[in-house]
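Beneath this line is the structure, given in structure tokens, with notes to follow.
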Amino acid sequence: MANIYFGGCSITEGDGFVAGKEDPRIYPNLLVSNAINDSEGGSSNIKIFLKAATAIVDNLANVYIIQWSALHRHWIYPTPDSGIHLSDTKDKHAKWYQERNHDYGNIIQLIQFCRILQDLAFSHNAKLLFINGLVNWSNDIEWMKELVADASSDHERFIENLQNNMELIDWNLWINPWSNMYDTKLDVAEDNLHPGPLTHKHIADQIRDKLIA
Amino acid sequence: MIDVLSYLPNERKATVSGWISFNGPCCVHNGESQDKRKRGGIRQQDDEWSYHCFNCGFTASFTPGRPVSYKARRLLEWLGVDSVDIERLNLESLKRKSLLDLTTERNQIRHVDADFNETELPEGIELIHHNDPRHKRYAEYLASRKIQLPYPLLVDKKRGPRDRIVVPFTYKNRIVGHTSRYLDNRMPKFINSQQPGYVFGYDLQKPHWTSAVVTEGIFDALSIAGLAVMHDTISSQQAQLLKQLKRKIIVVPDQDKAGLSIIDAAIEHRFAVSIPEWPDDVKDVNDAVVKYGVASTLLQIHKNAETSKIKIEMYKKRLQRKING
């Protein structure tokens, strides 16, 4: 039997659904009976990447479906058992971090995560698919210039760097590269925030189509 | 024939669409700098292959039955294929020429686009609405069979002598027939209004898909966006319609006695056959979708798809032993 691993943040975890990860209406459960759902609410992309990379190295599954989260999310751990979520702008540390860490680096970092996972999956003879959960980027370079317009840096150099790096991504592995699940949200879940059953169904259909193609 | 893939550098990437990309060996011979971004791509199907470099724009291809072109020769040389082997490939290819011409000619004669007459659906039926309490029974039945595809399924407005779900048959978005699936456990379970040569699910296939899964039953097809021949064999007209899709056709037989004959038909029409090793309680694609989910089932089907006649016959014997207990 084919084992399928799902990584991601609260969307894939089924936040907003009564039964959470066990809810039959979330996309991992619409696709597989015994999904390995390793997603966790609030996950940053680095956390998603590290968990997925470890899973591939451990040969946990034959197929890995990775849903990327918001670019600016980050966690720090001042003590072993407590983490601070640095996307919460009410926190003074978070505010400091957000001001000093622009999406410049986060975008390039995400591209590197994708490249590493692509190569890891290929060398472990596994299938890999990416879902844009909350990534706020575009293939329109003018739009990307707007995204980073506030940062005081060399935009042209960034865009060139971005274009060069983006060429290294296998876009065939992506379900919805340029429109994240909030852009294409068809409905909301019970918490009135997270994507609802129709949106999950839509994503499941797209993954099924990708597996046929 | 030369296995061109065995001459590619070790550092390469395969895409889902079947392309293998690697550092193109052509660029330095075409006035460009050495490719370091794996911009050379090759795609092979059986003995046929085509190459495209997205750096210097060099293209080359090879089709058995045709001479090895100048550009294909150059590419093979750059990949390190010995000139004696290239010459041997050319000779072997030309030997196939006469056979290939004959087959092409025959295919041209046989290639006639299928068409079907437009028909009416039975009177007094309506679409199943999942939120309509009158349709709860049908919605539950479809959910129990994991039918998630947004396909228009219908029921009688006033319940007739036998409770049924009506599945319309479409071809190029026109109604060309239908089947009734009776839910009362009496025989027959299905009554079809099917035109000769019709295959269910043709309209479900998307243009960019590179393969199509063919099943026996309509609910098997509905559960994976596949096709159904609705019989335990594949007629010549149905085979012609499937070939019209111009993609890899994978036939998945039911794992029972009737399934054995569709394997023979698939071999005859040179389709791939997939016989995943399912447990005894999984007899067909729909059972597998219910047990494992649609993604797992599709992966198992693709993983087990086999085109070699000898191997298919071997798997058929294995299935036969399993059926006979």
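Within a Cβ distance under 11 Å of A:VAL63, other residues only, what is the Lys/Arg minus Asp/Glu net charge?
Numbers: positive: A:LYS127, A:LYS210, B:LYS303; negative: none.
Residues near A:VAL63 contribute +3 overall.
Compute the relative contact order of region A:4-212 as a whole-number percentage, counting only Cα pairs closer than 8 Å that sit 6 or more residues apart in sequence. Before the final figure, lay out the partial values.
Working: 334 pairs, mean separation 48.8, N = 209.
Result for region A:4-212 is 23 percent.
Taking the 0 to 90 degree range and rounding to the nearest ten, how far is the long axis of helix B:257-268 tilted relative to the main principal axis of chain B, both from C-alpha atoms?
The answer is roughly 30 degrees.
Report, by chain and number, residues whose modeled amide H sits under 5 Å from the one on B:ILE125, excluding near sequence neighbours (fewer than 5 apart, same chain).
Answer set, sorted by chain and number: B:LYS157.
In the full protein assembly as shown, how much of B:ARG43 is accessible to a 1.4 Å probe, in Å² to the nearest 10?
90
Quickly rank A:158-170, B:130-142, A:33-45, B:164-176 as a protection proxy: mean count of other C-beta atoms within 10 Å, highest first. Mind showing how you got there, number by number?
Numbers: A:158-170: 15.4, B:130-142: 13.8, A:33-45: 20.4, B:164-176: 18.1.
Top of the packing list down: A:33-45, B:164-176, A:158-170, B:130-142.
As a test of reading the structure, rank B:LEU94, A:LEU186 by solvent-accessible area (1.4 Å probe, protein chains only), most first. Can you show the working numbers first?
Values: B:LEU94 75, A:LEU186 105 Å².
Ranked list, largest accessible area first: A:LEU186, B:LEU94.
Which far-off residues, 5 or more places away or on another chain, put their amide H under 5 Å from the one on B:GLY177, with H placed in the peptide plane?
B:THR119, B:PHE169
Could you identify which residue out of B:SER193, B:SER261, B:SER50 has the top mean-square fluctuation in a GNM of chain B using Cα springs shorter than 10 Å?
Looking only at B:SER193, B:SER261, B:SER50, the largest GNM fluctuation is found for B:SER50.
For the full complex of protein chains and a 1.4 angstrom probe, list B:ARG73, B:ARG186, B:ARG321 by accessible area with the highest value first.
Details: B:ARG73 65, B:ARG186 130, B:ARG321 155 Å².
Putting B:ARG73, B:ARG186, B:ARG321 in descending order of accessible area: B:ARG321, B:ARG186, B:ARG73.
If you build a Gaussian network model of chain B, linking Cα atoms that sit under 10 Å apart, which residue out of B:HIS129, B:HIS29, B:HIS231 swings the most?
B:HIS29
Around B:GLY259, under 10 Å between beta carbons, what's the net of Lys plus Arg minus Asp minus Glu among the other residues?
Values: positive: B:LYS257, B:LYS283, B:LYS316; negative: B:GLU216, B:ASP232, B:ASP254, B:ASP256, B:ASP284.
Net of charged neighbours comes to -2.
Quick one: order B:ILE86, A:ILE141 from most to least accessible surface, probe 1.4 Å.
Numbers: B:ILE86 5, A:ILE141 40 Å².
These residues rank, largest area first, as A:ILE141, B:ILE86.
Residue by residue through region B:190-205, what is 3J(HN,Hα) from phi via Karplus (6.51 cos²θ - 1.76 cosθ + 1.60, θ = phi - 60°)? Round to whole Hz and write x for glycine and proline.
3J(HN,Hα) across region B:190-205, in whole Hz: 10, 10, 9, 10, 10, 7, x, x, 6, 10, 6, x, 4, 6, 7, 7.
Would you tell me the accessible area of B:TRP78, worked out with a 1.4 angstrom probe on the heavy atoms of the protein chains, in Å² to the nearest 10?
Answer for B:TRP78: close to 50 Å² accessible.
Under 14 Å from the Cβ of B:TYR182, count the other residues' Cβ atoms, weight Lys and Arg +1, Asp and Glu -1, and hand me the total. Numbers along the way, then the final one.
Details: positive: B:ARG137, B:ARG159, B:ARG162, B:ARG164, B:ARG181, B:ARG186, B:LYS189; negative: B:ASP156, B:ASP163, B:ASP184.
Counting the neighbours of B:TYR182, the net charge comes to +4.
Which GluC sites (Glu not before Pro) in region B:255-325 pass both tests, a DSSP loop state and at most 16 other beta-carbon atoms within 10 Å? Each step should come with its number before you reach the end.
Details: sites: B:GLU268, B:GLU277, B:GLU306, B:GLU313; in loops: B:GLU277.
Here the GluC sites (Glu not before Pro) that fit, given the DSSP loop and packing criteria, are B:GLU277.
Select from A:ALA70, A:ALA121, A:ALA94 the residue whose mean-square fluctuation is largest in a Gaussian network model of chain A (Cα-Cα springs shorter than 10 Å).
A:ALA94
Distance between Cα centroids, region B:27-95 to region B:196-258: provide it in whole Å.
Result: 35 Å between the Cα centres.
Give me the aspartates and glutamates in straight-line cross-link reach of B:LYS248: C-alpha distance below 13 Å, same-chain residues under 8 apart excluded.
Here the aspartates and glutamates satisfying the reach criterion relative to B:LYS248 are B:ASP46, B:GLU306.
Show that you can apply the helix-only estimate: for chain B, add -39,500 (n - 2.57) for every DSSP H stretch of four or more residues, divide by all residues, and state [θ] at 222 nm to the nearest 500. If you can, show how the numbers build up before the last one.
Details: 10 runs with 106 residues, N = 325.
Mean residue ellipticity, 222 nm, calculated: -10000 deg cm²/dmol.
Using only atoms on other chains, find how many Cβ atoms lie within 10 Å of each Cβ of peptide A:17-26 and report the average.
Per-residue shielding by partner chains comes out at 0.
Report, to the nearest 10°, how far helix B:83-95 tilts away from the longest principal axis of the Cα atoms in chain B, using its own Cα long axis and a range of 0 to 90°.
50
Hey, can you grab everything whose amide H is under 5 Å from the amide H of A:TYR64? Only 5+ residues off in sequence or another chain; H modelled, so Pro and N-termini drop out.
Excluding prolines and chain starts, which carry no amide H, the hits are A:TYR5, A:LYS127, A:LEU128, A:LEU129.
Relative to the Cα centre, what is the charge dipole magnitude of region A:58-130, using +1 at the beta carbon of each Lys and Arg, -1 at the beta carbon of each Asp and Glu, and rounding to the nearest 20 debye?
On the way: 7 positive and 7 negative charges, 34 e Å.
Approximately 160 debye in magnitude.
Defining a contact as two alpha carbons under 8 Å apart and six or more residues distant in sequence, what relative contact order in percent does chain B show? Before the final figure, lay out the partial values.
On the way: 530 pairs, mean separation 29.6, N = 325.
Relative contact order, chain B: 9 percent.
Can you tell me the 0 to 90 degree angle between the C-alpha axis of helix B:97-110 and the longest principal axis of chain B, rounded to 10?
Roughly 30 degrees between the two axes.
Work out how much length B:ASP281 to B:THR210 would gain on full extension: take 0.36 nm times their residue separation and subtract the Cα-Cα distance, in nm to one decimal.
Once the chain is fully extended between B:ASP281 and B:THR210, it gains 22.5 nm.
What is the average number of partner chain Cβ atoms found within 10 Å of a Cβ in A:202-211?
Values: counts 0, 0, 4, 5, 0, 3, 9, 4, 4, 10.
Mean partner-chain Cβ count within 10 Å for A:202-211: 4.
Just the accessible area for A:TRP178, please: 1.4 Å probe, Å², rounded to the nearest 10?
Probe radius 1.4 Å; accessible area of A:TRP178 about 70 Å².
Pairs to check: B:LYS172/B:LYS309; B:LYS71/B:LYS95; B:LYS206/B:LYS303; A:LYS201/B:LYS246. Give those whose C-alpha atoms are more than 26 Å from each other in this structure. If you can, show how the numbers build up before the last one.
Values: B:LYS172/B:LYS309 33 Å; B:LYS71/B:LYS95 21 Å; B:LYS206/B:LYS303 21 Å; A:LYS201/B:LYS246 29 Å.
From B:LYS172/B:LYS309; B:LYS71/B:LYS95; B:LYS206/B:LYS303; A:LYS201/B:LYS246, over 26 Å: B:LYS172/B:LYS309; A:LYS201/B:LYS246.
Within 10 Å of each Cβ of B:296-303, how many other protein chain Cβ atoms are there on average? Write down the numbers at each step before the final one.
Details: counts 12, 7, 7, 9, 3, 3, 4, 3.
Neighbouring Cβ atoms belonging to other protein chains average 6 per residue here.
The values are calculated or read from the model by the stated rules, or taken from the named source; none is laboratory data. Bear in mind that the values here come from a model prediction, so they are computed numbers and not experimental data. Cβ atoms come from the backbone with ideal geometry, glycine included; neighbour counts cover every protein chain shown. Just so you know, the surface numbers come from the protein's heavy atoms only, side chains and all, with ligands and any DNA or RNA stripped out. Shrake-Rupley method; radii C 1.70, N 1.55, O 1.52, S 1.80 Å.
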